[in-house]
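> Attaching a single structure in structure tokens format; questions to follow.
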Amino acid sequence: MSIVPKETIEVIAQSIGITNLSPEAALMLAPDVEYRVREIMQEAIKCMRHSKRTTLTASDVDGALNLRNLEPIYGFGSGGPIRFRKAIGHPDLFYTDDREVDFKDVIEAPLPKAPLDTEIVCHWLAIEGVQPAIPENAPLEVIRAPAENQIYQQKDGPLIDIRLPVKHVLSKELQLYFQKIAELTLSKSNPSLFKEALVSLASDSGLHPLVPYFTNFIADEVSRGLNDFLLLFNLMHVVRSLLQNPHIHIEPYLHQLMPSVVTCLVSRKLGNRFADNHWDLRDFTANLVALICKRFGNTYITLQSRLTKTLVNALLDPKKALTQHYGAIQGLAALGHNVVRLLVLSNLEPYLSLLEPELDAEKQKNQMKSYEAWRVYGAILRAAGLCIHDRLKIFPTLPSPSPSFPSKGKGKVISTEPNKRKLGVDSSENRSPHKRLIATDGSDGGPSPMQVDRPTGDANPPQNSVRPSSSEQASDGNAPESRNAKEKDGSKGRAITRKAILDQIWKDDLDSGRLLVKLHQLYGDRILPFIPSTEMSLFL
Amino acid sequence: MDPEQVDEFVMGYLKKKGFNNAAKQLQEALHHNNGGTFNSTDYHNDPELTKLIRSFSQSENDPTRYRDGYSKLRSWAYNSLDLYKHELLRVMYPVFIHCYMDLVGKGHTQEARAFFNSFRKDHEMIHLRDLQKLEGVLVPSHLEEMEFARSLRQSKVNIKICQYSYDLLLQYLHRTESTLMLGIINEHINFQVYSGQPNSSSDDIDAVTIVGSFQETADHINQKEIQWGLLEDSLEDRLEKTGSLLSDSEKGQGESKDGDVDDSKKRSNEIGKQGSSLKKLKKDKAGNATAKVARQETSIVSPAPRVKPELALPVMSTDVEESILEDLRNRVQLSSVAMPSVSFYTFVNTHNGLNCASISHDGSLVAGGFSDSSIKVWDMAKIGQAGSGALQGESDTNDQNVGPNGRRNYTLLLGHSGPVYSATFSPPGDFVLSSSADTTIRLWSTQLNANLVCYKGHNYPVWDVQFSPFGHYFASCSHDRTARIWSMDRVQPLRIMAGHLSDVDCVQWHPNCNYIATGSSDKTVRLWDVQTGECVRIFIGHRSMVLSLAMSPDGRYMASGDEDGTIMMWDLSTARCITPLMGHNSCVWSLSYSGEGSLLASGSADCTVKLWDVTSSTKLTKAEEKNGNTNRLRSLRTFPTKSTPVHALRFSRRNLLFAAGALSKPAS
């Protein structure tokens, strides 16, 4: 029957004070009520259409009532959607929540913020039939291939298959944008604005058409501006922003981009002034390289292998400058611990022996060179340390055999602490605790007035060289170290017995144990801060 | 009573509408005859006839008959041969709605509703909106009240059907003795039987044309002659002339222009009189023009016929004319390979209040009509080049528009007392007309930023108002089912066009100013003669309310867009739909032809602007007729916006497409 049940009519009649409505009358009224409601809704939909909307609002219904010379329904004009609530216990009964509002509250409430005024924004929806990929337009799925056109052609004449040349249209806006970004990158005068530009580069959705231009620009500028440290840094920032932008499909341009990036990592000379902190640039670029590998390693399987090959070649070539070595190490380190373990640690011993003469400040006349050497030493130590740290972390935490050793270890760490603080301030580096430690170690032998650690720095390298087989032998007066070494041997022994008992599963761990031993041989105490206390207690 | 008489009686009965009384009478007559002595054997001897009569008397007034009859017919139609199925299925819809209305008319509300609900699924795909309307009809009185139902009851449906399908249907109806269905079919369907094979099911647009008596009048109206050609001596003509005579001296051009001005002055002086001397002069001129046209046959492929204006048209000042000619000279030629650029004006922070948007002919002014009764006009040239020195002086003089806060960059026009539903710019952009729910139309000056005139005449909200292509005159349409023609200098309408069966939702001028087209909620578009106020064309085919209209610049075609997203291209001279353009899936708010008429742009609530190649759609019709294959999709491009329904579109004279819409938050 009618959608409106007669009970509804009865309820409405009661609510307006008609108590003696006969059921027949209600039954007769019900279909008419439904018809009238539909009629009003029909008019309301007309009002909605003329308001160029597709959702019906209370004002449309008011407009429809107005058309019929009826009083509008008051109380629904707020514009917001009306929230109907279900009456508990009645499945089909709804009501609107109409709270009582205290006048005082209304008056005392602070004035709401004035709504924003209407404005018009103008943009190009299409330029000669092509939609520019600007943020105002809906994002395009992919670059539109000429496929659509072709299909169209085929429809018209099945025999003709004309492949239209792909026309690359760059809108005026995009051209301007590119110019502006390029200017900012080159000018280096306005860092805050450049930062904004980077944010825009990393987030704008419409930049895809500019990617080839950017890659070209970066490649050009890198090859031209190797002496300009700031420019290179800016360019690398641009690369990072482009990589970060989720709307950009940068993959096809990677092969153009990579050489520039790798250049910034392992180039002999970056910047021409002494004050240029090219180490930072190399660090930054190393992270960038790692980011690229992480993102595109799956699709470009050869990417990482080629990259590591380049880096290892750079590292192992003794003719290459120390700066290049540094870049290579940082690059490899950023690629992950596995890479470090496989490629760096295996070559660690020969390399360190190569590096050693450079480290000795006394032998090395050129202070700059010595500083560089220490930098490299620090980097390689950090890489190895982090690698071993990572390896050791996977060990199950065993009950520590004696509480004294961890405390010793801690003592050691603490002992380097003040030193580190000082240095941290010196080199104005803001890094994680681990990094800071390395920085300390790394710049140990540098030209900075670093007298505190000098003895150790001097003492250790010879140790490494002298000590080919036994670790106990060479402990010349460095008490904690010798003790640690002894302990470490003990742990080794224990590990071997465990091996006997447990199984091949432990082989890996054992390898790391051996690795640790080797590292310790090579680095002495400096590796210790990398080793978590429990593991240290186990192995050392 | 002899058998012939009885036969006649039965036939008359079948034809009769009041079915029940007749059946009773027949029964009585039978009783009489049984009692009587003569000829009674005739009935008994003819078993079929008695059966027929019995079936009437038995099933009289039984609501289940409708259901049974319809469901039987339905299953038969669905099981019929594939080749003829779609033709037979076409019959189902009229039968369905009339069964329903019969049931309602006889007061079987409950059965009617049950019947409706059980079969409505079959027809929802095509006739959803009609069904939604009919659903509310529950009481006999509603049938009378609702003009849609009334028109259905009073009229017949034309169905084209091939001979064999028709025979099949009749055979079935006779064999199963489903007289009820036969009655409904006879009463409400007018079969147009043709011989040969059934048509392919795709072209059912004109296979089923509802509203029969209406259809007749429509056919009758559509016989009338219309002059769809452009005005003689139009600016485009002049452009062609000047284009070819560019090498000639400026003097000659100037002379001809002076002549024109004189001519139009005379015209304006002799309103309505149309002196014979003037006519002669015009004829001379026309002859002159055709001679010139003939001279440059190379440039003009097919010169459209030229017609005389029936209205006294306003005189255009020479500098305005110059600028228009300049624009026309610089017009970009568009085609399916040369696409236009689209500049989009997005209204932000409208708080759901923007009812309409309008763009001036050069795209520099944008007006928005709001539901808070305000109209806001933006000068985009000023906004775009706020800093440039060239416009500085101009903006200084207009600084008074800037409000006390000094921040507002639009002109606020206040005066209406209801939501503003439409706004339109005069061709030079010096006036704005707005129509509102307060039943008035207001004229505003963009130079003075003030209300000049309030035109009262409509009795209900005025849905749309449009300036004529030459200004001065304007047309409006309203919920009161009329469209009216006004001139700026009179507060009373000059013509009232009445005839639509429901709201008139949109109005558009023909480029030669002699006609206006109106789109209505009754799903038709009508073309009216401005001079006589008569309806000269009815375009039937839309399935929902018509929301937008556009006339091709050559005056030959018209496009109309409806609530469902269908756009129809009409040939004005034949009143037939050339092709429906499907593609939008929501209301088509706006349509616009490019300057030379090769492209049609449509803006829709589905947040897209689509471009249609209309040259191919008009040309291909001939090829289609030959090939028989219909390739209706001629959408060239779709430009999606970022959740901005497109309210207004306008091709500038230089063929730059302007679009406007209010940014709406995507429904989450």
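> With +1 on the Cβ of every Lys and Arg and -1 on the Cβ of every Asp and Glu, and nothing else charged, how large is the dipole of the stretch A:237-344 about its Cα centre, in debye rounded to the nearest 20?
Numbers: 12 positive and 5 negative charges, 44 e Å.
I would put it at about 220 debye.
> Which semi-axis lengths, in whole Å and largest first, follow from the square roots of five times the eigenvalues of the Cα gyration tensor of the stretch A:1-104?
26, 21, 14
> Whole-Hz Karplus ³J(HN,Hα) for the stretch B:345-359, in order, using 6.51 cos²θ - 1.76 cosθ + 1.60 and θ = phi - 60°, x for Gly and Pro?
Per residue, the Karplus-derived 3J(HN,Hα) values read 9, 9, 7, 10, 6, 8, 6, 6, x, 7, 8, 7, 9, 9, 10 Hz.
> Next up: Based only on other Cβ atoms within 10 Å, what is the fewest-to-most ordering of A:W279, B:W228?
Working: A:W279 20, B:W228 25.
By the 10 Å Cβ count, ascending, the order reads A:W279, B:W228.
> Return the loop-located trypsin sites (Lys or Arg not before Pro) in the stretch A:53-141 (DSSP other than H, G, I, E, B) with at most 11 other Cβ atoms within 10 Å of their own Cβ; answer none if there are none. All intermediate terms of the calculation are to be shown ahead of the outcome.
Values: sites: A:R53, A:R68, A:R83, A:R85, A:K86, A:R99, A:K104, A:K113; in loops: A:R53, A:R68, A:R83, A:R99, A:K113.
Hits after loop and neighbour filter: A:R68, A:R83, A:R99, A:K113.
> Next question. Inside 10 Å of the C-beta atoms of A:31-43, what's the mean count of C-beta atoms belonging to other chains?
Average per residue, whole number: 4.
> Sort the following peptides by mean Cβ neighbour count (other Cβ atoms within 10 Å, averaged over residues), highest first: A:181-192, A:196-207.
Descending packing order for the listed peptides: A:196-207, A:181-192.
> Where does the charge balance sit around B:V453 when Lys and Arg score +1, Asp and Glu -1, over other residues with C-beta under 11 Å from its C-beta?
Computed value for this residue: +2.
> Sticking with this structure for a sec: Starting at 0 and stepping by 5 Å, how many percent of the alpha carbon pairs of the stretch B:56-195 end up in each bin?
In order of increasing distance, the bins hold 2, 10, 20, 23, 22, 14, 8, 2, 0 percent.
> As a footprinting exposure proxy, order A:I18, A:I120 by other Cβ within 10 Å, with the fewest listed first.
Least crowded to most crowded, the residues run A:I18, A:I120.
> Taking the number of other C-beta atoms within 10 Å as the exposure measure, put A:V130, A:V239 in order starting with the fewest.
In increasing order of surrounding Cβ atoms, one gets A:V130, A:V239.
> Please compute the average number of Cβ atoms from other chains found within 10 Å of each residue's Cβ in peptide A:127-137.
Mean shielding count: 4.
> Moving to a separate point now. How many Cβ atoms of partner chains, on average, are near each residue of B:131-137 if near means within 10 Å of its Cβ?
Mean shielding by partner chains, rounded to a whole number: 4.
> Then there's this: Report, in listed order, any pair from B:K133/B:K523; B:K224/B:K308; A:K180/B:K642 with a Cα-Cα distance greater than 20 Å. Don't skip to the answer; put the middle values down first.
Values: B:K133/B:K523 13 Å; B:K224/B:K308 18 Å; A:K180/B:K642 26 Å.
In this structure, A:K180/B:K642 lie more than 20 Å apart at Cα.
Quick note: the coordinates plus some simple rules give every number you see, no bench work behind them. Predicted model only: the values in this text are computed from it and were never measured. Every residue, glycine as well, gets a Cβ built from its backbone with ideal geometry; the counts of neighbours run over all protein chains shown.
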